[in-house]
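No lab work stands behind these numbers, since they all come straight from the coordinates. Just so you know, these numbers come straight off a predicted model, no measurement behind them. Virtual Cβ from ideal backbone geometry, glycine too; neighbours counted across all protein chains shown.
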Amino acid sequence: MNTEPLLGPDEPDPVMLENEAGRSSFFLTCDHAGRAFPRRLGTLGLPEYETWRHIAWDIGIGGVGRELSRLLDAAVILQTYSRLVVDCNRDPKVPGSIPEVSEMTVIPGNHGLGKAERGARVNAIFRPYHDTIARALDRRRAAVLVALHSFTPVFKGVARPWHVAVLFNRDALLAHPLAELLRAEGGLLVGENEPYAVSDLTDYTVPVHAERRGLPHVEIEIRQDLIATPESQRQWAERLARLLPAAYAQYRRQ
């Protein structure tokens, strides 16, 4: 059995916490910001071009998160490694946390993994990321958790018409006013729990770090073709920097 650490000392850290001293109450997370692969795993048997597709990461969301952090003066935490290695928004107990198939693409390096191999990925990437979130939230007196994601315009051959979506599970008190403010922008088709919904089986960050702590929260999904460039990422960050405080003001009046 190979007992060497999954990540070498010269490889990227699995988590980046930036602007932790920011004055804003907003706390931003990007579970799928990165597309790195541990050297020991290669590209999981995939050709290089597959690692640039949406199956490997949330295209554009890291740029949105960093710019939104700057505009709000908010802390942002970003995960570095591809979700094909281990999905940091899935409970490790769920089989899909290390997918054998993503959309319609077989992931050869994820087939036939033993308990030790799965555990190595969880311990090297998943746990450091979520431990960092937990410790950062412990150090704050108040926080509004905003989980940032992006979604592909076409999934399994089916076009997705939404430009942006707000997702929620048990608590929609912040999601609903944000959805209405997004609609008021004009020209945006806004989904609520479309094309995804938050649940304990399909998500981890919101149920664990927001719901269990009783924090105000919302998950935001932006369609990837709308944030494919630095300029479009900046524009969406500027929009959210205007609308999130307004939505939170409505939340506090409820």
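Just a few scattered comments:
- Lys, Arg +1 and Asp, Glu -1 on Cβ, resulting dipole of the range 1-134 about Cα centre, debye, nearest 20: 220
- Distance in nm between pseudo-label sites at residue 93 and residue 199 (7 Å out along the Cβ direction from Cα): 1.6
- Ordered from longest to shortest, the equivalent ellipsoid semi-axes for the chain are 29, 21, 16 Å, each the square root of 5 times a Cα gyration tensor eigenvalue.
- Look at the dipole of the chain built from charges on Cβ: of 201, 187, 137, the Cα furthest out on the positive end belongs to 137.
- Given charges at beta-carbon only (K, R positive; D, E negative), |dipole| of the chain in Debye: 520
- Neighbour net charge for residue 149 - beta-carbon separation under 11 angstrom, K R +1, D E -1: -3
- Top of 145, 181, 72 by mean-square fluctuation, Gaussian network on the chain, Cα under 10 Å: 181
- Sorted from longest to shortest, the spans of the Cα atoms of the range 119-254 along the three principal axes equal 41, 41, 29 Å.
- Among 136, 56, 147: highest mean-square fluctuation, GNM of the chain, C-alpha pairs under 10 Å: 136
- Max mean-square fluctuation residue, GNM over the chain, Cα-Cα springs under 10 Å, options 172, 237, 21: 21
- Dipole of the chain, positive end: most advanced residue of 22, 8, 89 [Cβ charges, Cα centre]: 22
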